[in-house]
Amino acid sequence: MAELKELFKRTITGIPAAVKSEFSGSGTLITPYGTYTNVVRIKTTLNYNDTYSGGKIYTSQVSYNWYKSGIHHEVANVSYVNGSFNYAYYSDA
């Protein structure tokens with residue numbers, strides 16, 4: 001139990017060191033639930049350091065979001081953390 005308490009005793013800064021969003025493309029997006037024309041893709045890069053009792057961890061997350069005019073949320077998203085696939089989802093509406 002003491003080891004578990006020590007594990008959760010870390011201090012997380014979690015403050016983004018850099019956030020950058022940029023237009024990275026446009027066109028047609030095909031998903032299992034439909035085809036979306038005239039979508040834009042936005043690339044967001046988030047770099048931050050996580051500090052804990054054992055040291056520091058550098059994290060870089062890159063996300064791609066596809067948007068379509070008239071739909072008030074992204075129609076798809078893909079995320080990578082430190083260069084590895086993290087998650088993906090797409091809208092069913």
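In the stretch 73-92, which residues are within 20 Å of N38 (Cβ to Cβ) and either open to solvent by 90 Å² or more (accessible area, probe 1.4 Å) or in contact with a His (Cβ under 8 Å, 6 or more places away or on another chain) (or both)? I'd like the intermediate steps shown before the answer.
Filtering the stretch 73-92 for residues within 20 Å of N38 (Cβ to Cβ) gives 73-78, 90-92.
Of everything in the stretch 73-92, those that are within 20 Å of N38 (Cβ to Cβ) and either open to solvent by 90 Å² or more (accessible area, probe 1.4 Å) or in contact with a His (Cβ under 8 Å, 6 or more places away or on another chain) (or both) turn out to be Y90, S91, D92.
Taking K20 as the residue in question, decide whether it is closer than 30 Å to D92 by Cα, at pLDDT 85 or above, of a type in the set (K, R) and open to solvent by 70 Å² or more (accessible area, probe 1.4 Å). So K20 passes the test. Scanning the stretch 51-61 for residues that are out of contact with any Lys or Arg (no Cβ under 7 Å at 6 or more places or on another chain) and either open to solvent by less than 60 Å² (accessible area, probe 1.4 Å) or small (G, A, S) (or both), we see that the one that is farthest from A18 (Cα to Cα) is G54.
Tell me yes or no: at least one residue of the stretch 39-50 is at pLDDT below 90 and open to solvent by 80 Å² or more (accessible area, probe 1.4 Å). No, there is no match, as no residue in the stretch 39-50 is at pLDDT below 90 and open to solvent by 80 Å² or more (accessible area, probe 1.4 Å).
The values are calculated or read from the model by the stated rules, or taken from the named source; none is laboratory data. Please read these numbers as outputs of a predicted model, since none were measured by experiment. Note that each Cβ is placed from the backbone with ideal geometry, even for glycine, and that neighbours are counted across all protein chains shown. Just the protein is used for accessible areas: all its heavy atoms, side chains included, with ligands, DNA and RNA removed. Shrake-Rupley method; radii C 1.70, N 1.55, O 1.52, S 1.80 Å.
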